[in-house]
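Everything below concerns the one structure shown next.
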Amino acid sequence: MSEMKKFMFVNRKAPYGTIYALESLEVVLITAAFDQDVSLAFLDDGVYQLKKGQQTKGIETKNFSPAYRALEGYDIEKLYVEKESLEARGIVEEDLLVDVTVLTRAEMGALMDEQDVVLSF
Amino acid sequence: MLHIVNKSPLSSNALDSCLRVAQSGEILLIEDAVYGATGGSAYEEKLREAMGRFKVYVLQPDLEARGLADRLMDGVSPVDYSGFVELAANNKSCQSWL
């Protein structure tokens, strides 16, 4: 394996209104096979992707939220959520379906700066 | 008149535009607009204020899909798909704020 790069996937869209969240998750799972340093950032409406208790039977759409819990199995363990985005939406860490690291916007910005590759969804 | 909004108020100005322009009537929040009807969010105050002028509804299956069925603000009425049809049929016109 050549040099390892720092990849960050930036998720800013809510889960079902657009296809962004699902597509991001698909790409993240593919990336897992390439042995890179992968982190996922959730900000703005992207934090809604991780909300517990999604029940999609009524909208006849696949509930892909359990897949976030499987990321650990692919050695993707760096999940970062922006504190200010959570607060604006009345959501707390306990409402999320996976363990995450909550960062302030300044910390999130700094982390983004450290990356070699940033992919936006 | 029925106003239908489908975008999250925290990422689009669709609901803001609706509330700015429309004077009264009924508002139905569907798809990502259901996030606007959840307690504790930064939009809660604005929607509460609008509830003085409008009757506000939310599409329940969209709320459930997003894991927010237990977060609905007081005063917002959940409707199912047939309730959606009834609202559309009972109003003389509909405006979709896309």
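Looking at A:Phe42, is it under 14 Å from A:Pro15 (Cβ atoms), under 16 Å from the mean Cα position of the chain (by Cα) and surrounded by fewer than 17 Cβ atoms within 10 Å (Cβ to Cβ)? Outline the logic, then answer.
Details: under 14 Å from A:Pro15 (Cβ atoms): yes; under 16 Å from the mean Cα position of the chain (by Cα): yes; surrounded by fewer than 17 Cβ atoms within 10 Å (Cβ to Cβ): no.
When the stated conditions are applied, A:Phe42 does not pass them.
With the requirement that a residue be under 20 Å from A:Gly73 (Cα atoms), within 14 Å of another protein chain (Cβ to nearest Cβ) and aliphatic (A, V, I, L, M), what does region A:1-58 give you?
A:Ala21, A:Leu22, A:Leu50
Select from region B:6-51 the residues that are more than 10 Å from every other protein chain (Cβ to nearest Cβ), open to solvent by 50 Å² or more (accessible area, probe 1.4 Å) and under 19 Å from A:Pro15 (Cα atoms) and list them in ascending order.
B:Asn13
Would you pick out the residues in region B:58-73 that are in contact (Cβ under 8 Å) with a residue 12 or more places away in the chain and out of contact with any Phe, Trp or Tyr (no Cβ under 8 Å at 6 or more places or on another chain)?
Restricting attention to region B:58-73, the residues satisfying the condition of being in contact (Cβ under 8 Å) with a residue 12 or more places away in the chain are B:58-63, B:66, B:68, B:71-73.
Of everything in region B:58-73, those that are in contact (Cβ under 8 Å) with a residue 12 or more places away in the chain and out of contact with any Phe, Trp or Tyr (no Cβ under 8 Å at 6 or more places or on another chain) turn out to be B:Val58, B:Gln60, B:Leu63, B:Arg71, B:Leu72, B:Met73.
Return the only residue of B:Gly52, B:Gly83, B:Gly75 being more than 13 Å from the chain's Cα centre (by Cα) and part of a loop (DSSP other than H, G, I, E, B). Walk me through how you get there before you give the answer.
Numbers: B:Gly83 fails: part of a loop (DSSP other than H, G, I, E, B); B:Gly75 fails: more than 13 Å from the chain's Cα centre (by Cα).
Exactly one residue qualifies, and that residue is B:Gly52.
Restricted to region A:87-102, and to residues that are part of a helix (DSSP H, G or I) and at the interface with chain B (Cβ under 10 Å from one of its Cβ atoms), which residue is surrounded by the fewest Cβ atoms within 10 Å (Cβ to Cβ)?
Kept after step one, since they are part of a helix (DSSP H, G or I), are these residues of region A:87-102: A:87-88, A:93-95.
Narrowing further to those that are at the interface with chain B (Cβ under 10 Å from one of its Cβ atoms): A:87-88, A:95.
On the way: A:Glu87: 14, A:Ala88: 17, A:Asp95: 19.
Only one residue fits best here, namely A:Glu87.
Please specify each residue of region A:45-58 satisfying the condition of being over 9 Å from the mean Cα position of the chain (by Cα), crowded, with 19+ Cβ neighbours inside 10 Å and assigned to a helix (DSSP H, G or I). Working first, answer last.
We begin by selecting, within region A:45-58, every residue over 9 Å from the mean Cα position of the chain (by Cα); these are A:45, A:48, A:51-58.
Adding the requirement that they be crowded, with 19+ Cβ neighbours inside 10 Å leaves A:45, A:48, A:51, A:54, A:56.
Residues satisfying the conditions are A:Asp45, A:Tyr48.
Name every residue in region A:1-30 that is touching a residue at least 12 places away in the same chain (Cβ under 8 Å) and β-branched (Val, Ile, Thr), in order of residue number. Even if it seems obvious, please write down each step before you answer.
Residues of region A:1-30 touching a residue at least 12 places away in the same chain (Cβ under 8 Å): A:1, A:4-16, A:20-25, A:27-29.
Passing the criteria: A:Val10, A:Val27, A:Val28.
For the list (1) part of a helix (DSSP H, G or I); (2) touching a Lys or Arg at 6+ places or on another chain (Cβ under 6 Å), I need the number of the one condition that A:Ser39 fails.
Unmet for A:Ser39, out of (1) part of a helix (DSSP H, G or I); (2) touching a Lys or Arg at 6+ places or on another chain (Cβ under 6 Å): (1).
Suppose we filter A:Glu72, A:Glu77, A:Glu114, A:Glu84 for residues that are within 14 Å of chain B (Cβ to nearest Cβ) and either of a type in the set (Asp, Glu) or open to solvent by 80 Å² or more (accessible area, probe 1.4 Å) (or both); which single one remains? Spell out how you get there, then give the answer.
On the way: A:Glu72 fails: within 14 Å of chain B (Cβ to nearest Cβ); A:Glu77 fails: within 14 Å of chain B (Cβ to nearest Cβ); A:Glu114 fails: within 14 Å of chain B (Cβ to nearest Cβ).
Exactly one residue qualifies, and that residue is A:Glu84.
The values are calculated or read from the model by the stated rules, or taken from the named source; none is laboratory data. A quick note: this is a predicted structure, and the numbers were derived from the prediction, not measured. Cβ coordinates were reconstructed from backbone atoms using ideal geometry, including for glycine residues, and neighbour counts include every protein chain displayed. Remember, those area values only see protein heavy atoms, side chains included, never the ligands or the DNA or RNA. Shrake-Rupley method; radii C 1.70, N 1.55, O 1.52, S 1.80 Å.
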